[in-house]
Each structure stands twice: as C-alpha cells, then as structure tokens.
Amino acid sequence: MITLKEALALNKEEIVKLRSDLKTKIEEKKEIGAYIEQLQNKPIAEFGEGIPIAIKDNIQVNGWNVTSGSNILQGYVAPYNATVIDNMLSHGLAPFGRANMDEFAMGSSTESSFYGKTLNPHNTSCVPGGSSGGSAAAVAAGIAVAALGSDTGGSIRQPAAFCGCVGMKPTYGKVSRYGLASYSSSLDQIGPITQNVEDAAILYDIIAGHEVKDSTSANIAHEKVSDKLDSQRKLTIAVIENYVEETDEEIKNTTKAAIKALEDAGHKIVYKNLTNSKYDIATYYVIAAAEASANFSRYDGVRYGNRAESTNLKEMYNKTRSEGFGEEVKRRILLGTFVLSSGYYDAYYIKAQKARHFIKSQFEEILNEADLIFAPVTPTTAFEFGSKSDPLEMYLQDIYTISVNLAGLPAISLPIGFDSKNMPIGAQFIGHAYGEQALFDGALSLEKILKK
Ligand code: GLN
C-alpha cells in the first residue's frame, strides 16, 4: 500500500483511482473484518477526492452512522464532524469506512464488537488486539493508507503492536476529543495508526491543535513535528528494566536487541524500574469505569440510536440498556456506579485518584533524567481468539500501556521484530508531556536502525 507521504503527492484523478482500487481490495480481504460492512455503503461513496483514511467507529463523521461497535447506537447518524475529521478534510484527507472496534472501546481484542470479530492479518486465528483492532488490521492488511484510532489505556498501541504497524497516542489534550464518543474522558485520546513513523508524524500534525469547542483541549499552539524529524538526534533513553525482564521470553530478547541497537547508534541508555504496575490496573479500572458509567447515562433510548419497545418510561430505559449494551460494557457500568456510590467513593474513587497522582510522579522522576522512556507494549504477542475468557486476564493485557494514559503522556508503538510463530513484536517510546518531537525522533531513529 502507498504510504500517506506518497499519497499526499498524488493528483485528484490518482486519488479517485486509489479509492476505487482500495474498495476492490477491501472486498478481496473481507474475511479480515477490519471495516464494519453494514456501515460501509455510504461512507465509501462519499468524500471522493480525499486521501482515504480508515476511521474508528467511535469518531463522528457528519451524516454517517456512528455506533462505537455497539447495538445501542444502531441507527444513530452523526450530525457533525469530529474536529479530527474537519482537520483531515482541510488537508486533503477524507474519512473512508468505519473501522471495527471493541464495544465502546472496552477491550483488548476487538472480540466484543456487536458486528463480530476482526482477524489479525498475520494469522487469522489470532486477535488483532483492541480496542482499535479494525484500524490496525486495515493498515496491516494493506487496505488503508492510514487510520485513526483512540487510546484510553492502550487501544492504539496494543493493536498496532499485534498487527505490526505504528500506533501513536498523543499527550492528553493535544488532539481534540470533540466528536469522539467518550469512554473515559480524562484518559481518551485520538491518534494515528500508520505503516511507518513518518506517516504517524504527518497524520498527528494534521489532527493536532487547540479546539475551542473542547474544554479538555490544550490551549497551546501546535508546533509541527513532521517537517523537523531528526533521526540523528542523540537522546537519553530510560529503559524500564523490570518490564523488559517480566515480559514473554521472545519479546524480552527482541526488546534487548533493540536496546543494544539504540545504544550502538549513539543514544545514551539508562536503566530504571517502574514498580507501580501492580497499582496501574486497579487504578485504571476504577477511574475508567467510573467515568464510563457517568458518560454512558446518555444512552437511554431517548437521545441516540436504538429504542426498545416498551409501555412506560422506566421499562424503556431498562430494556433499551439491557438489550443494547454488551456484557463487558454492563460490567464496567456496574463497577463504575459502585465505586462512585456514597460510602465507597472515598475507599475506591478517591484512592484511585491518589494512586494516579503517584503513578504520574514516578514517570516524572524518570523523565527528569531522560528524554524518552523505552518499554514493551504487551506481555505477549497476539493471542488466539477465545483464549482470554476471564475479564481480569484480558485487563492484564494493558499492564505496560495504561499508566501512560493515567499520566497523560505521549507514546508511540512501533514494530521491532517477529516471534518464532512469525507474529509481530512491538515496543513503545514514552515522552515528556508535549514532547512529541523527541518521541517521533527516537522512534524514527529505531525504525531506521532496524531496517538496515
Ligand atoms: N483495554 C483497555 C480497556 O478495556 C483499554 C481500552 C482503550 O484504550 N480504549 O479499557
């Protein structure tokens, strides 16, 4: 597939041809299930002259169905564009198809979508990761030039790692959440999933910037990173040694080889530990579930999408929500309502906020001595469908990614090799808040070294 950088040099006719070729290719690779087929007809036909970008199904595109992979939003049509979509359109890019996802971005495997699963293009018996599994699978299968995903606790980086592509989560507030269906408002960020680091920088530049309509958007001028990329810049990189040691043997060895390559290329490597990972999962699932339970009260059968047949108001709320939400979403709403209820608020929610503060300060301590942090993305490579039936086991997938969202920092996952079953292995750089330039420079440097 042509890269985003190359696509930006095409003329109008060439782009129209690219879009129609892509349609044929998607048809050929239908079994991957990267795009939500039921929502395709309209999306693919529209915006005929922009470079086609796959859009996760939780991002609003004016006039299109937006369902967040959920039954409860069936029939909902977005009345406006998300800021990222308007930014894309003004740069010659156009939305192309709805990428499949875990219902409401809750999950790490794209198995919980109402539309069925997405397959990993490297091995169709394995998951593509999640929740932005459709976006990553589309890029990996060569049926998207690039894609947008969202990352609340790893949902861009983990599927990118499982599918062998690049996935970037911006600093909290750098990319507007206006028009993104909220899951956990203090953690969610939209970001690019691409074929290489440079494309990620280009797409990040296009979607980033202040949005007055979004109070969580950072009110600072966006400084372009893609035209200043410097893979020769020497950086101090803090390796999270305990994460590297804990991870699966093959990931460990490949990560160590990447660290050696970074050192040989002239970067300064220092070794640090993050001892908070035992708190990360608990903290995240209290905060994310609490925010989700509040955000999801809007899905009541009155305002959006599906409405269950009923004889009175209470029954309508009950039936709409019982029928519309899947199992994992219900679990999180229950958990979130519980931790916010009086009597438990101090014990769980307030405690989680304190733990979040502590996690952030541990990152700050390390970043006081380094430009970047380097760590694994996942404890294993892509697993088989159905192999994680216990929710807690699925939650552990995010052990190396969620703390980054809790701290609001930017991070990028990129491929660093394959395991013995030929499944991709990823690694992530984590940067200072608003330190995207160093983040992309470091990632580009590693990508170049590994290509040699
Ligand atoms: N897997 C995590 C969850 O289920 C993260 C999801 C995400 O980043 N959207 O909440």
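How many residues does segment 274-320 contain that are in a loop (DSSP other than H, G, I, E, B) and in contact (Cβ under 8 Å) with a residue 40 or more places away in the chain? It would help to see each step written out before you state the result.
The initial filter retains those residues of segment 274-320 that are in a loop (DSSP other than H, G, I, E, B), namely 274-276, 299-312.
So of that shortlist, the ones also in contact (Cβ under 8 Å) with a residue 40 or more places away in the chain come out as 274-276, 299, 304-306.
Within segment 274-320, residues that are in a loop (DSSP other than H, G, I, E, B) and in contact (Cβ under 8 Å) with a residue 40 or more places away in the chain number 7.
Would you be able to say whether some residue in segment 378-392 is outside any helix (DSSP H, G or I), within 16 Å of the ligand (Cβ to nearest atom) and either in contact with a Ser or Thr (Cβ under 6 Å, 6 or more places away or on another chain) or basic (Lys, Arg) (or both)? Checked segment 378-392: at least one residue is outside any helix (DSSP H, G or I), within 16 Å of the ligand (Cβ to nearest atom) and either in contact with a Ser or Thr (Cβ under 6 Å, 6 or more places away or on another chain) or basic (Lys, Arg) (or both).
The helices (runs of 4 or more DSSP H) falling completely within segment 1-102 that include 1 or more residues that are at negative phi and touching a residue at least 60 places away in the same chain (Cβ under 8 Å) map to 4-7, 12-28, 83-89.
For segment 319-337, the candidate set comprises residues that are open to solvent by 20 Å² or more (accessible area, probe 1.4 Å) and charged (D, E, K, R); within that set, the residue that is nearest to the ligand (Cβ to nearest atom) is Glu328.
Of the residues making up segment 393-435, those that are away from the ligand (no atom under 16 Å from the Cβ) and either of a type in the set (Lys, Arg) or open to solvent by 10 Å² or more (accessible area, probe 1.4 Å) (or both) are Pro415, Ile416, Gly417, Phe418, Asp419, Ser420, Lys421, Asn422, His432, Ala433, Tyr434, Gly435.
Taking the stated definitions as given, is Arg356 touching a Phe, Trp or Tyr at 6+ places or on another chain (Cβ under 9 Å), farther than 29 Å from Asn120 by Cβ, in contact (Cβ under 8 Å) with a residue 24 or more places away in the chain and buried (at least 21 other Cβ atoms within 10 Å of the Cβ)? So that I can check it myself, show each step before the final result.
Numbers: touching a Phe, Trp or Tyr at 6+ places or on another chain (Cβ under 9 Å): yes; farther than 29 Å from Asn120 by Cβ: yes; in contact (Cβ under 8 Å) with a residue 24 or more places away in the chain: yes; buried (at least 21 other Cβ atoms within 10 Å of the Cβ): yes.
The answer is yes for Arg356.
Beta carbons closer than 7 Å, at least 6 apart along the sequence or on distinct chains, pair a first residue in segment 326-353 that is assigned to a loop (DSSP other than H, G, I, E, B) with a second that is within 13 Å of the ligand (Cβ to nearest atom) for Gly326/Glu103; Gly326/Ser112. Identify the single condition in (1) over 18 Å from His91 (Cα atoms); (2) open to solvent by less than 10 Å² (accessible area, probe 1.4 Å); (3) more than 14 Å from the chain's Cα centre (by Cα) that Val225 does not satisfy, given that it satisfies every other one. Result: Val225 passes all but (1).
What do you reckon, is Asp280 acidic (Asp, Glu), within 30 Å of Phe429 (Cα to Cα) and open to solvent by less than 50 Å² (accessible area, probe 1.4 Å)? Working first, answer last.
Numbers: acidic (Asp, Glu): yes; within 30 Å of Phe429 (Cα to Cα): yes; open to solvent by less than 50 Å² (accessible area, probe 1.4 Å): yes.
Judged against the criteria, Asp280 is a match.
Summed over segment 336-354, the residues that are modelled with pLDDT of 95 or more, over 23 Å from the mean Cα position of the chain (by Cα) and among the aliphatic types (A, V, I, L, M) give a count of 3. Search segment 300-318 for residues being more than 20 Å from Ser341 (Cβ to Cβ) and open to solvent by less than 50 Å² (accessible area, probe 1.4 Å), and hand back the single one that is nearest to the ligand (Cβ to nearest atom). The extreme case among them is Gly305.
Look at segment 145-168: where a residue is under 18 Å from Glu198 (Cβ atoms) and open to solvent by 10 Å² or more (accessible area, probe 1.4 Å) and a partner is part of a helix (DSSP H, G or I) and more than 7 Å from the ligand (Cβ to nearest atom), sitting 6+ places away or on another chain with Cβ atoms under 6 Å, you get Gly164/Ala140.
Quick check on segment 89-113: of everything there that is hydrophobic (A, V, I, L, M, F, W, C) and within 16 Å of the ligand (Cβ to nearest atom), which residue is nearest to Val16 (Cα to Cα)?
Pass one, segment 89-113, residues hydrophobic (A, V, I, L, M, F, W, C): 89, 93-94, 96, 99, 101, 104-106.
After this cut, where a residue has to be within 16 Å of the ligand (Cβ to nearest atom) as well, the list is 99, 101, 104-106.
Numbers: Ala99: 20, Met101: 27, Phe104: 32, Ala105: 31, Met106: 35 Å.
This residue is Ala99.
Among the conditions (1) in contact with a Pro (Cβ under 6 Å, 6 or more places away or on another chain); (2) modelled with pLDDT under 95, Glu436 misses just one, which is (2).
The values are calculated or read from the model by the stated rules, or taken from the named source; none is laboratory data. Since we're looking at a predicted model, the values are computed, not measured. Cβ atoms come from the backbone with ideal geometry, glycine included; neighbour counts cover every protein chain shown. Heads up: the accessible areas ignore ligands, DNA and RNA and are worked out on the full protein's heavy atoms, side chains in. Shrake-Rupley method; radii C 1.70, N 1.55, O 1.52, S 1.80 Å.
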